[in-house]
């Protein structure tokens, strides 16, 4: 009897990363039932150095470098990432082979459910400069405290009173089933209030260019989410955005139109733009935004 082909998919070991990878595997199994899809847990530098801000030791790339090296060496065949954690440039020979449909892209302020609404002088945990700048606009007297760690760790900091609230991605909370904790309260930010990180809510599948397994991943890719991510990553590249810059970009495709929301820091102040362009001109958005600088 012919042995089944095994495809190894790299993932970080957090509950959220594993949940996202299992979502990808379920879709791949449905499309290719004759293949064994195997999870391979990898630790990244970003997972090991939790006591330092990402901007201090490499930015977003710390979550991806180990996977790209494993892809180069052939120890894994595909890698699954939160698209918002990916650097604007992939390693040579690597491609985003496919993406899942976009989940809720909003940011959420999570506080203790003690009957007290979010207050002016609250301490909010977030390591994101993008979130900090926009929070300061919504709650001018709030203090932002830099924190890192997985979703559960951050929620525990709220429960223990180490901070009054944390800002997290709604998509991650939903994938972990943590959007209805009875002791916590959730305040969703509209896109007009807080522009998300580029790629937020999208799971990306990275692979080697030209490989058959990358072509397989492309067959489960969501076209709408792929076009949105394509436009958002082009804007991030144009603004040279990493963890050192406060930049937010979200695009929403509806029929033949793409609505965009973008924010960035310019000389210490928050600049925001919103508009609509034809979907076919989505890759021109980056130059339009760059021209505004």
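Answer with yes or no whether residue 220 is crowded, with 16+ Cβ neighbours inside 10 Å, under 22 Å from residue 93 (Cα atoms) and modelled with pLDDT of 95 or more.
So residue 220 fits the description; yes.
Checking the condition closer than 30 Å to residue 77 by Cα, outside the structural domain of residue 155 (by TED's automatic domain parsing), in contact with a strand residue (DSSP E or B) (Cβ under 9 Å, 6 or more places away or on another chain) and buried (at least 20 other Cβ atoms within 10 Å of the Cβ), which residue from 225, 171 passes?
Details: 171 fails: outside the structural domain of residue 155 (by TED's automatic domain parsing).
So the residue among 225, 171 that is closer than 30 Å to residue 77 by Cα, outside the structural domain of residue 155 (by TED's automatic domain parsing), in contact with a strand residue (DSSP E or B) (Cβ under 9 Å, 6 or more places away or on another chain) and buried (at least 20 other Cβ atoms within 10 Å of the Cβ) is 225.
Which numbered condition trips up residue 195, out of (1) in contact with a strand residue (DSSP E or B) (Cβ under 9 Å, 6 or more places away or on another chain); (2) outside any loop (DSSP other than H, G, I, E, B); (3) surrounded by 15 or more Cβ atoms within 10 Å (Cβ to Cβ)?
Checking residue 195 against (1) in contact with a strand residue (DSSP E or B) (Cβ under 9 Å, 6 or more places away or on another chain); (2) outside any loop (DSSP other than H, G, I, E, B); (3) surrounded by 15 or more Cβ atoms within 10 Å (Cβ to Cβ), the one that fails is (2).
Only residues in the range 97-125 that are without any contact (Cβ under 8 Å) to a residue 60 or more places away in the chain count as the first member; pair them with residues that are surrounded by 15 or more Cβ atoms within 10 Å (Cβ to Cβ) and assigned to a loop (DSSP other than H, G, I, E, B), Cβ under 6 angstrom, at least 6 apart or cross-chain, and list the lot.
Sorted first by the residue in the range 97-125, then by its partner, the pairs are 122/142; 122/164; 123/163; 123/164; 124/142; 125/147; 125/163.
Among residues belonging to the range 137-156 that are surrounded by fewer than 19 Cβ atoms within 10 Å (Cβ to Cβ) and touching a residue at least 24 places away in the same chain (Cβ under 8 Å), point out the one that is nearest to residue 185 (Cα to Cα).
Ranking the qualifying residues of the range 137-156, first place goes to 152.
Please list, ordered by residue number, the helices (runs of 4 or more DSSP H) wholly in the range 1-91 having 2 or more residues that are modelled with pLDDT of 95 or more and under 15 Å from the mean Cα position of the chain (by Cα).
15-31
Does residue 165 qualify as being closer than 20 Å to residue 114 by Cα and crowded, with 21+ Cβ neighbours inside 10 Å?
Details: closer than 20 Å to residue 114 by Cα: yes; crowded, with 21+ Cβ neighbours inside 10 Å: yes.
Spelling it out, residue 165 is indeed closer than 20 Å to residue 114 by Cα and crowded, with 21+ Cβ neighbours inside 10 Å.
Quick one: is residue 177 surrounded by fewer than 16 Cβ atoms within 10 Å (Cβ to Cβ), outside the structural domain of residue 227 (by TED's automatic domain parsing) and more than 28 Å from residue 87 (Cβ to Cβ)? Outline the logic, then answer.
Details: surrounded by fewer than 16 Cβ atoms within 10 Å (Cβ to Cβ): yes; outside the structural domain of residue 227 (by TED's automatic domain parsing): yes; more than 28 Å from residue 87 (Cβ to Cβ): yes.
Judged against the criteria, residue 177 is a match.
The values are calculated or read from the model by the stated rules, or taken from the named source; none is laboratory data. Fair warning: this is a prediction, and the values are worked out from it, not measured in the lab. Quick reminder, even Gly has a Cβ in these numbers, built from the backbone with ideal geometry, and neighbours come from all protein chains shown.
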